[in-house]
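Below is one structure; the comments refer to it alone.
The values are calculated or read from the model by the stated rules, or taken from the named source; none is laboratory data. Quantities reported herein were computed from a predicted structural model and do not represent experimental measurements. With ideal geometry, Cβ positions are generated from the backbone for all residues, glycine too; neighbour counts draw on all protein chains shown. We work out accessible area using only protein heavy atoms, side chains counted, and drop any ligands, DNA or RNA first. Shrake-Rupley method; radii C 1.70, N 1.55, O 1.52, S 1.80 Å.
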2 protein chains.
Amino acid sequence: MGNKVTDLGEVKLIERIERSLGCSSEVILGIGDDAAIIKHTKNKHLLFCSDMLIEDVHFSRKNASASQIGKKALAVNISDIAAMGGVPRFCVVSLGLPKNTTVNFIDKFYKGLNNLAKKFNVFIVGGDTNRSNKLIVDVALIGEVNKRNVVKRKGARDGDVVFVTGRLGGSASKKHLDFLPRIKESKLLVKNFRINSMIDISDGLAIDLCRILKASAVGALIYEELIPLSKGVKSVKNALYDGEDFELLFTMSAREADKLIKNKRKLFGVNISKIGYIRKERQVLCLIDKKGREEIIKKKGFSHF
Amino acid sequence: MGNKVTDLGEVKLIERIERSLGCSSEVILGIGDDAAIIKHTKNKHLLFCSDMLIEDVHFSRKNASASQIGKKALAVNISDIAAMGGVPRFCVVSLGLPKNTTVNFIDKFYKGLNNLAKKFNVFIVGGDTNRSNKLIVDVALIGEVNKRNVVKRKGARDGDVVFVTGRLGGSASKKHLDFLPRIKESKLLVKNFRINSMIDISDGLAIDLCRILKASAVGALIYEELIPLSKGVKSVKNALYDGEDFELLFTMSAREADKLIKNKRKLFGVNISKIGYIRKERQVLCLIDKKGREEIIKKKGFSHF
């Protein structure tokens, strides 16, 4: 066992934290998915998640405007709620602000945040402001989900078809600062189809699909030629490893998949692409390249440690 | 209007943020109290709050152990829930970790956090881990409160008696790293008495009492000789201005106050002290010193900007 978190790695670090925690009959799902699931009313569960953005780690003030930072801090959380099949409701915003932060910066930051909040019917109900060297934004978000609609990472089954919304690999061209979380698409998916597993792509198609595979104890086969690339993106590697696409990655039975493929143009305003299949036999992710060669994809992608 | 947040000050900054936000019939109380109040079930409201701790702003690793930092990050939030008359339930923990953080540090941090969580029946259900230069901990906490028991800063009335739990001014002697949030005392108070207003003392008796006065549009008269000082604290200034005592400061009618004074030894394990009165006529905080002289107390106390 390494002595530093950098030796341990992010995945093992989170597993280590998880093992130390208690459990409760009211907590349906704790650490380890896009959001926690908590018992709420007869028909609804609460969802609960948080995401921290740190200057010069997640963004730089040179490349991102105040409004974009405010927007992104909430958007990454809304994307987590979408991945569970829910809708976002209430958030708190903790800020660390450098001394030289201008009032104009704060106004624009909240303009970006509030505009997105209004668009998705989220209410900002509190928070905390602090002095800090770097700009830090932590948003914690409460969502709701109909019991029948809740989707986890765990649940992918042998023979499931793997789908992804939108196009991937556009993070390098700043798409990650201006994406719209896929709430509308998630709502349509859980309302009209039976989704077996879902995640939002935050760290790259490879690592996030591997998260579904690990949680579901299955493997997958995906086809390079089926992976939808963003405009200007030439290599499938950007889709596999770049992260921050914030598209939905999900699996459903072959029967449901047929229904989706028949109805997707009518129902959805965005691209929905079939990219491969879940396979039970080997718990690995295989990519079939354009020449038909099979390659086992490592779980690499963005990791903080 | 100043151009920097340092010119604006923390109070005006929060007011500015507040004005920019939308509102909802489900949000009973948004920004501006210890926690937000959200409609939940027939008899209960949800409470929602967050607090960020930043290395070298709120603590230094020289003076605070990993376990103390973990404990404090949750404790300050539980204290906010206590101040609303509620009980804490579920939290998420966002971390910013320097590269050289040891696994041992993480284990001890979570040991401190988990021990406190278990003591107060809080479940840690999720979070986020990130790389960062300084250690950053943001905890967001969901609590619950019986509708009948909810207490706000707003509600202090002319003639109310002002009380405080425990002893004040002990922050300099590291009490702020090892305090127990006053959930038990808050429960007993809201169960047995009608509390008109309440806050937890995070930034000093002066500034936090002024928050009650401002929210309630009243003034107060407090007596130096009635303010209970922590062991070793010699000046009332430590109680007034130091902050981080995390005791409960509350007001109740003279009639309820009599009931409390008669029963406090029987009901409570900690000191509860009457320190003064709410007065309607002047919306200021007056301190009567030991020689009977009246002094108007400025709202000074710990401010981040």
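Along Cα→Cβ at 7 Å, what distances in nm separate the B:Asp56 label point from those on the other copies, shortest first?
1.0
Along the positive direction of the dipole of the range B:183-305 (beta-carbon charges: Lys, Arg +1; Asp, Glu -1; about the Cα centre), which of B:Ile288, B:Gly276, B:Asn263 reaches farthest?
B:Asn263
How far is the Cα center of the range B:162-237 from the Cα center of the range A:124-190, in Å?
Cα centres, the range B:162-237 to the range A:124-190: 41 Å.
Okay, which of the range B:271-293 sit inside 19 Å, backbone N to the point 7 Å along the Cα-Cβ direction of B:Lys237?
B:286-293
Between copies, how far apart are the B:Lys12 label points? List them in nm, one decimal, shortest first, with each point 7 Å from Cα toward Cβ, please?
5.2
How large is the dipole of the protein assembly as shown about the Cα centre if only Lys and Arg carry +1 and Asp and Glu carry -1, each at its Cβ, rounded to the nearest 20 debye? Intermediate results must be reported in sequence, preceding the final value.
Values: 108 positive and 68 negative charges, 234 e Å.
With Lys and Arg at +1 and Asp and Glu at -1, about 1120 debye.
Eigenvalues of the Cα gyration tensor times 5, then square-rooted: what semi-axes does that give for the range B:168-305, in whole angstrom, largest first?
Values: eigenvalues 90, 77, 43 Å².
That gives 21, 20, 15 Å for the three semi-axes.
Hey, got the dipole for chain A? About the Cα centre, +1 on K and R Cβ, -1 on D and E Cβ, debye to the nearest 20? Intermediate values should be presented prior to the final figure.
Numbers: 54 positive and 34 negative charges, 175 e Å.
In debye, rounded to 20, chain A gives about 840.
Over chain A, with the other protein chains present, what is the accessible area per residue in square angstrom, probe 1.4 angstrom? It would help to have the intermediate numbers written out before the result.
On the way: 13020 Å² over 305 residues.
Accessible area per residue: 43 Å².
Show me, for the range A:190-198, the HN-Hα J-couplings you get by feeding each phi into the Karplus relation (A = 6.51, B = -1.76, C = 1.60, θ = phi - 60°), rounded to Hz, glycine and proline as x.
Running phi through 6.51 cos²θ - 1.76 cosθ + 1.60 with θ = phi - 60° gives 6, 6, 9, 9, 9, 8, 8, 7, 7 Hz.
Could you identify which residue out of B:Ala206, B:Ala172, B:Ala36 has the top mean-square fluctuation in a GNM of chain B using Cα springs shorter than 10 Å?
Most flexible of the set in this elastic network: B:Ala172.
Per-residue mean of other chain beta-carbon atoms within 10 angstrom of the beta-carbon, peptide A:102-108? Please list the in-between numbers first.
Values: counts 7, 11, 3, 3, 6, 3, 0.
Mean shielding by partner chains, rounded to a whole number: 5.
Just flag the trypsin sites (Lys or Arg not before Pro) in the range A:230-273 sitting in loop per DSSP whose Cβ has no more than 12 other Cβ atoms within 10 Å. Let's see the in-between values first.
Working: sites: A:Lys231, A:Lys234, A:Lys237, A:Arg255, A:Lys259, A:Lys262, A:Lys264, A:Arg265, A:Lys266; in loops: A:Lys231, A:Lys234.
Listed in order of number, the matching sites are A:Lys231, A:Lys234.
What translational D, rounded to a whole number of µm²/s, comes out for the protein assembly as shown from Stokes-Einstein when the hydrodynamic radius is the Kirkwood one over Cα pairs, at 37 °C and 0.692 mPa s? Numbers along the way, then the final one.
On the way: Rh = 25.4 Å.
The calculation lands on 129 µm²/s.
Once both axes come from the Cα atoms, what is the angle between helix B:10-19 and the longest principal axis of chain B, in degrees from 0 to 90, rounded to 10?
Once rounded, one gets 80 degrees.
Need the list of aspartates and glutamates near A:Lys291 for cross-linking: C-alpha distance under 19 angstrom, and skip anything on the same chain fewer than eight residues off.
A:Glu224, A:Glu225
On a 0 to 90° scale, report how tilted helix A:205-216 is relative to the longest principal axis of chain A, with both axes built from alpha carbons and the result rounded to the nearest 10.
Helix A:205-216 and the main axis of chain A meet at about 70 degrees.
Output ³J(HN,Hα) for the range A:69-83: one whole-Hz value per residue in order, computed from phi by the Karplus curve 6.51 cos²θ - 1.76 cosθ + 1.60 with θ = phi - 60°, and x for Gly and Pro.
Using θ = phi - 60°, the values come out as 5, x, 5, 5, 4, 7, 4, 5, 6, 4, 4, 5, 5, 4, 5 Hz.
To the nearest 20 debye, what charge dipole does the range B:44-170 have about its Cα centre, counting +1 at the Cβ of each Lys and Arg and -1 at the Cβ of each Asp and Glu?
Working: 20 positive and 10 negative charges, 49 e Å.
Using only the charged Cβ atoms, the result is roughly 240 debye.
Would you work out which of A:Pro98, A:Leu113, A:Val164 lies farthest towards the positive end of the dipole of chain A, given +1 charges on the beta-carbon of Lys and Arg and -1 on that of Asp and Glu, about the Cα centre?
A:Val164
Decide, for chain A, between rounded, prolate and oblate: order the square roots of the alpha carbon gyration tensor eigenvalues as a ≥ b ≥ c, take rounded if a/c falls under 1.5, and otherwise choose prolate if a/b is larger than b/c, else oblate.
On the way: a/c = 1.45, a/b = 1.36, b/c = 1.07.
Rounded.
Taking square-rooted eigenvalues a ≥ b ≥ c of the alpha carbon gyration tensor, is the range A:1-77 rounded, prolate or oblate, where a/c under 1.5 means rounded and, failing that, a/b exceeding b/c means prolate? If you can, show how the numbers build up before the last one.
Numbers: a/c = 4.64, a/b = 1.22, b/c = 3.80.
Note, shape of the range A:1-77 comes out oblate.
Between 0 and 90 degrees, rounded to the nearest ten: what's the tilt of helix A:103-119 against the longest Cα principal axis of chain A?
40
Which percent of the accessible heavy-atom area of the protein assembly as shown goes to carbon and sulfur, probe 1.4 angstrom?
Numbers: 12140 of 26040 Å².
Roughly 47 percent of what the probe reaches on the protein assembly as shown is carbon or sulfur.
Using the Karplus curve 6.51 cos²θ - 1.76 cosθ + 1.60 with θ = phi - 60°, what ³J(HN,Hα) values do you get for each residue of the range B:34-45, in whole Hz, with x for Gly and Pro?
5, 8, 7, 10, 10, 4, 9, 10, 4, 10, 10, 10
Can you pull out the buried accessible area for chains A and B, both sides counted, probe 1.4 Å, rounded to the nearest 100 Å²? The partial results should precede the final answer.
Numbers: alone 15950 and 15940 Å², together 26040 Å².
The buried area between A and B, both sides summed, comes to about 5800 Å².
Positive end of the dipole of the protein assembly as shown, charges at C-beta (+1 Lys, Arg; -1 Asp, Glu), about the Cα centre: which of B:Leu180, B:Asn3, B:Val57 has its Cα farthest in that direction?
Of the candidates, B:Leu180 comes out farthest on the positive side.
Give me, ordered by chain and number, the residues 5 or more places off B:Ser197 or on other chains with an amide H under 5 Å from its own placed amide H.
B:Thr251
Once the label point is set 7 Å along the Cα-to-beta-carbon vector, what list of distances in nm do you get between B:Lys290 and its counterparts in the other copies?
Nearest first, the other copies' label points are 8.6 nm away.
Evaluate E = 1/(1 + (r/R0)^6) for A:Glu294 and A:Lys174, where r is the Cβ-Cβ distance and R0 equals 41 Å; express this FRET efficiency to the nearest 0.05. Don't skip to the answer; put the middle values down first.
Numbers: r = 34 Å, r/R0 = 0.82.
Taking R0 as 41 Å, the efficiency between A:Glu294 and A:Lys174 is 0.75.
Anything over 28 Å Cα to Cα? Flag those among A:Lys12/B:Lys187; B:Lys118/B:Lys191; A:Lys298/B:Lys72; A:Lys174/A:Lys237; A:Lys134/B:Lys231, in the order listed.
Values: A:Lys12/B:Lys187 39 Å; B:Lys118/B:Lys191 23 Å; A:Lys298/B:Lys72 39 Å; A:Lys174/A:Lys237 17 Å; A:Lys134/B:Lys231 37 Å.
The pairs that break the limit, which is 28 Å between Cα atoms, are A:Lys12/B:Lys187; A:Lys298/B:Lys72; A:Lys134/B:Lys231.
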